[in-house]
Amino acid sequence: MAGDLAAYEVLVTRYSAVAHRTAALLGAGDEAEDVVQEAFVRAFRYLSGFRSDAAFKPWLLRIVANLTHDLTRSRGRRNDLVLKIGVEPETRAPDDPEGVAIAGDRRARLLEAVRALPERERQAVVCRYLLQLSEAETAEVLGWPLGSVKSRTFRGLARLRKEVGHELS
């Protein structure tokens, strides 16, 4: 068991940064660290069901994407409930995980436009261009058919070009 934990620790070290970026860019915001921690716990718990011929990274990122989706859905339900009872929802500053390191109006406008995309288009664009996953890896991470990845990425990029301008070309 100690060897398993040591090997798993290597995986956690290797994939923590990309898992955190995934959670933050898919909408976890300030809760990205919690999402990543839960994802690694779940991945360890279900490691016996992991196919040894599959890559670990897409499998882990799919867990992160699912947990982030659950979080944003429950956050929306909480905000809906708060609005129904007449209280203003908590406002959070927009997340910009890369903004500290990379300044510039173009990047900020682009990230804001990505955040404003419909959820499925945002997920496809984030995986393909911000996390630099292949179409096949994106399909595996999001649990979608390859054709859905292609069409949602295309639609998302078209919306971004319209919103931000032709800076993306």
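The values are calculated or read from the model by the stated rules, or taken from the named source; none is laboratory data. This is a predicted model, so every value here is computed, not measured. A quick note on method: Cβ atoms are made from the backbone with ideal geometry, for glycine too, and the neighbour counts reach across all protein chains shown. Just so you know, the surface numbers come from the protein's heavy atoms only, side chains and all, with ligands and any DNA or RNA stripped out. Shrake-Rupley method; radii C 1.70, N 1.55, O 1.52, S 1.80 Å.
Measure out, as a whole number of angstrom, how far apart the alpha-carbon centroids of region 103-132 and region 46-75 sit.
Taking the Cα centre of region 46-75 as reference, the centre of region 103-132 is 21 Å away.
Report the relative contact order of region 102-168, percent, no decimals, based on alpha-carbon pairs under 8 angstrom and at least 6 residues apart.
Working: 48 pairs, mean separation 23.3, N = 67.
Over region 102-168, the number comes to 35 percent.
Rank-order 109-122, 45-58 by packing density, defined as the average count of other C-beta atoms within 10 Å over each peptide's residues, highest first. Walk me through the numbers before you get to the answer.
Values: 109-122: 16.9, 45-58: 10.7.
Result, highest mean first: 109-122, 45-58.
Which of rounded, prolate or oblate describes region 19-63 when judged by the alpha-carbon gyration tensor and an a/c cut-off of 1.5? Mind showing how you got there, number by number?
Details: a/c = 3.99, a/b = 1.89, b/c = 2.11.
Oblate, since a/c reaches 1.5 and b/c is not below a/b.
With viscosity set to 1.306 mPa s at 10 °C, what whole-number translational diffusion coefficient in µm²/s follows for region 102-168 from Stokes-Einstein and a Kirkwood radius over Cα pairs?
Working: Rh = 12.0 Å.
Answer from the Stokes-Einstein relation: 133 µm²/s.
In region 102-168, carbon and sulfur make up what percent of the accessible area (probe 1.4 Å)?
51
So, counting K/R as plus one and D/E as minus one, what does the shell of residues with Cβ under 9 Å around P58 add up to?
On the way: positive: K57, R62; negative: E137, E140.
Net charge in that neighbourhood comes out at 0.
Lys and Arg at +1, Asp and Glu at -1: add these up for the other residues within a Cβ distance under 14 Å of W144 and post the number. Present the calculation step by step, with values, prior to reporting the outcome.
Details: positive: R62, R120, R122, R128, K150, R152, R155; negative: E119, E121, E135, E137, E140.
Cβ neighbours under 14 Å give a net charge of +2.
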